[in-house]
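As structure tokens, the structure follows; a few thoughts come after it.
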Amino acid sequence: MHNVNMLEAKCPVCEKRARVLDDMSKVICKHCGYEDEYDAYLEKMKDRISSIVDEFMLER
Ligand SMILES: [Zn+2]
């Protein structure tokens, strides 16, 4: 058993806690099976944030 600090990330699909691999190469979510390159994950989260901001702007 490896005694490492697991990095955690928010899963973009199910909003639960996903795991970032030690070498930061991938993000894996055990809850819904989401799995992606870390870079792709970051892009996805950026898209999400900007779309949330867009919606927020429209509300106003
Ligand atoms: Zn998930």
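Throughout, read-outs are computed from the coordinates displayed, never taken from laboratory work. Computed from a predicted model, the values in this text were never measured in an experiment.
The angle between the Cα long axis of helix 38-59 and the longest principal axis of the Cα atoms of the chain comes to about 20 degrees, rounded to the nearest 10.
Among Asp23, Asp47, Asp36, the largest mean-square fluctuation in a Gaussian network model of the chain, built with springs joining Cα atoms closer than 10 Å, belongs to Asp23. Taking one quarter of the surface of the convex hull spanned by the alpha-carbon atoms of the chain gives a direction-averaged projected area of 4.7 nm².
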